[in-house]
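Peer 1: One structure follows; several queries about it will come next.
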Amino acid sequence: MRLALVALLVVPLLAGCGSSGEKTVKPDGAERSIENVVGKQTGFRPTDVKCPSGVEAKVGVTFDCHFTGPEPRPYVAHMRITKVDGASVRFQIDTLPER
């Protein structure tokens, strides 16, 4: 099975202020979002998703998370923030096998 999906997801994922006062995305919340989206759309639930910390919660910001797919093969989830509303963040998530 090859995972390749695009999803829009809204989740409450903001952490407190970072060093410069901006709100940041909670890595564990982004990781759970990927687990849920991939599981719901493909039936495979990744267990080793890793997202970076310190990502500014601002529209247009992009970051990559990584996980192992069902083959097992490394995958990347390209995350793009499309909306920030209070403590909720909307992501566009594109997952593809890593090259």
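Peer 1: Answer yes or no as to whether C65 is modelled with pLDDT of 95 or more, in contact with a helix residue (DSSP H, G or I) (Cβ under 8 Å, 6 or more places away or on another chain) and over 12 Å from T95 (Cα atoms).
Peer 2: It is false that C65 is modelled with pLDDT of 95 or more, in contact with a helix residue (DSSP H, G or I) (Cβ under 8 Å, 6 or more places away or on another chain) and over 12 Å from T95 (Cα atoms).
Peer 1: Considering every residue within the stretch 81-94, establish whether at least one is of a type in the set (K, R), touching a strand residue (DSSP E or B) at 6+ places or on another chain (Cβ under 9 Å) and free of Cβ contacts under 8 Å to residues at least 60 places away in the same chain.
Peer 2: No, the stretch 81-94 contains no residue that is of a type in the set (K, R), touching a strand residue (DSSP E or B) at 6+ places or on another chain (Cβ under 9 Å) and free of Cβ contacts under 8 Å to residues at least 60 places away in the same chain.
Peer 1: Out of all the residues in the stretch 4-54, which are on the phi > 0 side of the Ramachandran plot and at pLDDT 85 or above?
Peer 2: G43, G54 - these are the residues of the stretch 4-54 that are on the phi > 0 side of the Ramachandran plot and at pLDDT 85 or above.
Peer 1: So which residues in the stretch 69-93 are buried (at least 16 other Cβ atoms within 10 Å of the Cβ) and of a type outside the set (A, V, I, L, M), if there are any at all?
Peer 2: G69, Y75, R90, F91
Peer 1: Another question, then. Scanning the stretch 35-61 for residues that are under 19 Å from A87 (Cβ atoms) and surrounded by 14 or more Cβ atoms within 10 Å (Cβ to Cβ), which turns out nearest to the chain's Cα centre (by Cα)?
Peer 2: C51
The values are calculated or read from the model by the stated rules, or taken from the named source; none is laboratory data. Quantities reported herein were computed from a predicted structural model and do not represent experimental measurements. Virtual Cβ from ideal backbone geometry, glycine too; neighbours counted across all protein chains shown.
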